[in-house]
Protein chains: 2
Amino acid sequence: MAATMNDVAQRAGVSVKTVSNVVNGYPHIRETTRARVLAAIEELDYQLNVAARNLRTGRTGIIALAVPELSLPYFAELADSVIQAADAQGLTVLIEQTGSRRERELEVLSGARRHLTDGLLFSPLALGDGDEQLLDVDFPMVLLGERLFPDTVDHVTMQNVEGARAATEHLLGLGRRRVAVVGVHPGEVVGSAGLRLTGYRQALEAAGVPWDESLLGEAGLWHRSTGASAMAHLLDSGAAPDAVFAMNDAMALGVLHELQVRGIRVPDDVAVIGFDAVDEGEYSNPSLTTVDPGREQIAETAVRLLVEQIADKRGTHRPRRVYADFRILERRSTLPA
Amino acid sequence: MAATMNDVAQRAGVSVKTVSNVVNGYPHIRETTRARVLAAIEELDYQLNVAARNLRTGRTGIIALAVPELSLPYFAELADSVIQAADAQGLTVLIEQTGSRRERELEVLSGARRHLTDGLLFSPLALGDGDEQLLDVDFPMVLLGERLFPDTVDHVTMQNVEGARAATEHLLGLGRRRVAVVGVHPGEVVGSAGLRLTGYRQALEAAGVPWDESLLGEAGLWHRSTGASAMAHLLDSGAAPDAVFAMNDAMALGVLHELQVRGIRVPDDVAVIGFDAVDEGEYSNPSLTTVDPGREQIAETAVRLLVEQIADKRGTHRPRRVYADFRILERRSTLPA
DNA sequence: GGGACGGTCTACAACGATGTAGCCTGTGGC
DNA sequence: GCCACAGGCTACATCGTTGTAGACCGTCCC
C-alpha cells in the first residue's frame, strides 16, 4: 500500500496539514519541522496522490493536445515541442487524435475530458466556417496552427499567407514561370489551404505572372500519397510546370517521389518547395527546400497562453492572436541552376 | 459551475447513489427511475467528475506511453497505433518522452505519475544490462519493442534476430556479397542493435559469406543524420559495400541521402534495406525496402496485456513475452538488376 | 504590563464520487 | 399466515488532499 499524508504526519509527529504545507512549499514552517517531515517522506517513499489533490483543487496538471494524426510528421514534431514546453511548466500532456474527423473534433470540444485536464491546445482541421460558436467553450483553450476563427479565443498561428508568398517568390526568383501549387481546396478561404493559395496568388501578381488554373493541384488530405497523385495529375494533364509549391512537406515529398519515378530531374527540370520544415525533408533526395513556420515558437507560445488562461480564473482575459516568425530553409530541391 | 451528482439527484428526486448506479450501468433499477435520472443528466448537462471517481476507485482510465522521441517517425506511428488501440478499450493515453536519457527513463519507472495512470507501456532505450531490478515495479507495466529483459515482466517485442536475418538474406539473395550493416553498438548484446547484428551474422554464416569488420557501421542514436555519417564513413574507409542493411528506417534514409549526394546509384551500385516500415520509406527516392516489424500488432497486444494486468488486482499473473509477426516489404531500393 | 502582531501549527470540513450496510416492498413457497 | 428472498433504493462513511478558522507562543512597542 502506498503511503498517504496521514502516514507521513504520524511518523513526523505533525498534522496532515503541515505535511501538505511542506509539500507545497508554504513558507512559514520551522526548519526543524520541515526537515522532520521531509525525512518521513523519504523513509516512507511517500508520493503525493494527484487524484486527491485534483479533487480538492480542481486542477490536474494535465493539458490536452488535440491533433489530427501523430503519424503525420508535422504533428508528431509539434507534439514533441508541446510536450517539452509543457514539461518546462510542470505540466503533462495528454494527446487526442481526431483523425481530421469532424465528429471527433466536436467530441474534443464537448469537454468530455474536461475534468481530466486543465486546458486544451486544439489544432482543428475539419471545423470551419460556421462553427464559430462551437469554439465558445467554458474551459481554457488555445487554438493552434492554421485555421482562422473570429477573435473570441486565443490563437497561435503561422504566417500562412506571407509564408506561402515567400515560398512562391523563391521559385519565381529562380526564373521559373510555370509554378504549380499542390494542396488546393477549391472554394476554401479561411483554412490553411485558402490562405496559402492567397499567398501564392499575391506572389504571382506581384511578379506579373499570369494566373493559370491548370497549375492548381487539388489534394484534400495533405499526405504524401495525395501529393504524389496531385503531381501525377498535373503532369498527365500537360500543365508542364517548371516548379511546384506544395502546401506542406508531406505532399512535397510525394511530389518529389512522383517526379523521381518519372525520371524528371529536381531541381533542373522542376524545382520544389514545401511548407512545415519537418525533419524528413532534410534527408530526402534531393533535400527539400521549405518554409519553416516556427513550430517551436508556436508550441511555446501556445503553452504559455494556455497557462495564463488557466491562472486567470476570472475569465477576464481578452483573446489574443500570435503569429510565429517564419523563414525559408533553402536546400537542394530549389538549387539555382 | 458544473453540475454534480448531487444536483442530478435532487432534480430527479433520488439519492446520489442511485444516480451513480445509473451512470455505471448497475442493472437493478426501475426503468422509470432510470429514465428520470437520465433526463436530469441531460437537462443539467451533467458530466462525471473523473477526479472524484479516481480518488474513490483508484482507477483513472489513463495509461502512460513512454517513448524516446515522438519526432522519430517510428515512435510517432507507434504512438498513433497505441492511442487507437487504447481508445478501443476506452482508455486515454498520456505520452512521456524520455529523450533516450537514462535519468528520464528512471523517472518514468519511479512512478511519479503512478496516481495519474493505471499502467505504463514502456519502450526503454537507455536502460540495459544490470537494470533488471529497476523494472520490478509495483504497478502494471508492459515493455515494448526491442530490448530484452528477464522474464519478470510482460514484454511485447519484435523479432529482431529473425527480421534482421531475413533482411540480410534478402540482400544476399540479390547476389550482393559485400553487405554493410549500419547502426552497430559495439559490445552490446541484449539491445536491438546487438540482436539485429546477430541476425545479420547468422545470415552471412548460412550463406558462407565471410565476416568483415570493415563493413560494420557504428551509430549510437538511430537517426537520419547518424545513418548518413555512418555511410559516409564506410565509403571513405574504402570498405566498398554493394549493399547496406540499416538497423532502422531513419538511418536507412540517411544512408540513401548520403549515397545520392555522392552520385552512387541505388539499388544499382548499392542496395539498401531498412527496418521498421515507417510511412516515410514508401515515398523516399528510391522507395525503401524494409522489415515490417508488426507495429500495429505490437500496439494492440501491448494494450491488451496491460488491460489484463490492470484487471488482475491480485498480481497473480505470470509474465508473458509476445513476438509480433514480421515480413519484408520489398520496394525499389533493392530492386533486382 | 497589556495589546497587537506575525510565525507556526492544528482541527475540521469539504471536494464529488463509490462501497457497504441495510431498509422497505412485493412475490412465492410451504 | 409466515418466512425467505430478491429487487430497488437510501444513508453514511470514505478515498487523500487542501482551504478556513483559529489556537498558541513569543516579540515588540507604548
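Some notes on this structure:
- Comparing B:Val189, B:Val278, B:Val179 in a Gaussian network model of chain B where C-alpha atoms under 10 Å apart are linked, the largest mean-square fluctuation is found at B:Val189.
- Cα gyration tensor, region A:81-131 - rounded (a/c under 1.5), prolate or oblate: prolate
- Expected 222 nm ellipticity per residue - DSSP helices of 4 or more, -39500 (n - 2.57), all of the protein assembly as shown, to 500: -12500 deg cm²/dmol
- Computed 3J(HN,Hα) for region A:28-38, one whole-Hz value per residue from the Karplus formula 6.51 cos²θ - 1.76 cosθ + 1.60 where θ = phi - 60°, is 7, 9, 5, 4, 5, 5, 4, 4, 4, 4, 4, glycine and proline marked x.
- Whole-number percent relative contact order across region B:160-292, with pairs defined as alpha carbons under 8 Å at least 6 apart: 26 percent
- Amide H to amide H, with H built 1.01 Å from N, B:Met141 comes under 5 Å of B:Leu120, counting only residues 5 or more places away or on other chains.
- For the pair B and A, the buried accessible area comes to roughly 4300 Å² in total, with a 1.4 Å probe and the value rounded to the nearest 100.
- Whether the protein assembly as shown is rounded, prolate or oblate, judged on the alpha carbon gyration tensor where a/c under 1.5 counts as rounded: oblate
- Taking every alpha-carbon pair under 8 Å whose residues sit at least 6 apart, region A:203-259 reaches a relative contact order of 37 percent.
- Share antiparallel - DSSP beta bridges, chain B, percent rounded to 5: 10 percent
- Computed from point charges on the beta carbon alone (+1 for Lys and Arg, -1 for Asp and Glu), the dipole magnitude for region A:5-48 about its Cα centre is near 240 Debye.
- Among B:His115, B:His28, B:His155, the residue with the largest mean-square fluctuation in a Gaussian network model of chain B, with springs joining Cα atoms closer than 10 Å, is B:His28.
- Under 5 Å, built H, 5+ apart or other chain: amide partners of B:Thr289: B:Gly274, B:Arg331, B:Arg332, B:Ser333, B:Thr334
- Charge-dipole axis of chain B as Lys and Arg at +1 and Asp and Glu at -1 on Cβ define it, positive-most pick from B:Gly173, B:Gly194, B:Thr57: B:Thr57
- Summarising the amide proton neighbourhood of B:Gly217: residues at separation of 5 or more, or on other chains, whose placed amide H is nearer than 5 Å comprise B:Val181, B:Val182, B:Gly183, B:Val184.
- Against the main long axis of the alpha-carbon atoms of chain B, helix B:160-173 sits at an angle near 40°.
- Rel. contact order, % - alpha carbon contacts under 8 angstrom, at least six apart, region A:5-48: 47 percent
- For chain A, with +1 on Lys and Arg beta carbons and -1 on Asp and Glu, the positive-most of A:Leu216, A:Ala228, A:Thr152 along the dipole: A:Thr152
- Computed over neighbours whose Cβ is under 13 Å from that of B:Leu215, the net charge equals 0, Lys and Arg +1, Asp and Glu -1.
- Dimensions (Å) - region A:5-48, Cα atoms, principal axes, largest first: 24, 18, 15
- A:Glu132/A:Arg30 FRET efficiency (R0 45 Å; Cβ-Cβ; nearest 0.05): 0.20
- For chain A, built as a Gaussian network whose Cα springs stay under 10 Å, the top-fluctuating residue of A:Ala302, A:Ala66, A:Ala39: A:Ala39
- Around A:Met5: net Lys/Arg minus Asp/Glu count, Cβ-Cβ under 13 Å: +3
- Computed from backbone phi with θ = phi - 60° and the Karplus coefficients 6.51, -1.76 and 1.60, the 3J(HN,Hα) list for region B:242-258 is 10, 7, 9, 9, 8, 6, 8, 5, 4, 5, 4, 5, x, 4, 4, 4, 5 Hz; x is used for glycine and proline.
- Rounded percent of accessible protein surface that carbon and sulfur make up, the protein assembly as shown, 1.4 Å probe: 49 percent
- Buried on assembly, region B:90-136 (at least 30 Å² less accessible surface than by itself, 1.4 Å probe): B:Thr92, B:Leu94, B:Ile95, B:Gln97, B:Arg113, B:Arg114, B:His115, B:Leu116
- Two-site label geometry, A:Ser15 and B:Leu335: point separation in nm, points 7 Å out along Cα→Cβ: 7.9 nm
- Label distances, nm, B:Glu330 versus same residue in remaining copies, Cβ-directed 7 Å point: 4.4
- Simple Cβ-charge dipole of chain B, Lys/Arg +1 and Asp/Glu -1, about Cα centre, in debye nearest 20: 1040 debye
- Simple Cβ-charge dipole of region B:1-112, Lys/Arg +1 and Asp/Glu -1, about Cα centre, in debye nearest 20: 680 debye
- Solvent exposure of chain B as accessible area per residue, Å², 1.4 Å probe: 43 Å²
- Reduced Cα scattering model of region A:160-292, Debye log10 I(q)/I(0), q = 0.16, 0.18 Å⁻¹: -0.67, -0.88
- At a threshold of 50 Å², the residues of region A:257-293 that become less accessible to a 1.4 Å probe in the full protein assembly than in their chain on its own are A:His257, A:Gln260, A:Glu280, A:Tyr283, A:Asn285.
- Taken one residue at a time, the phi angles of region A:186-198 give Karplus couplings (6.51, -1.76, 1.60, θ = phi - 60°) of x, x, 6, 10, 8, x, 5, 4, x, 5, 5, 5, 4 Hz. Gly and Pro are set to x.
- Normalised per residue, the volume of the convex hull around the Cα set of chain B (Å³): 162 Å³
The values are calculated or read from the model by the stated rules, or taken from the named source; none is laboratory data. The structure presented is a predicted model; accordingly, all values stated were derived computationally and were not measured. When we count neighbours, we look across all protein chains shown, and the Cβ atoms used for this are built from the backbone with ideal geometry, even at glycine. Accessible surface areas use protein heavy atoms only, side chains included; no ligands, DNA or RNA. Shrake-Rupley method; radii C 1.70, N 1.55, O 1.52, S 1.80 Å.
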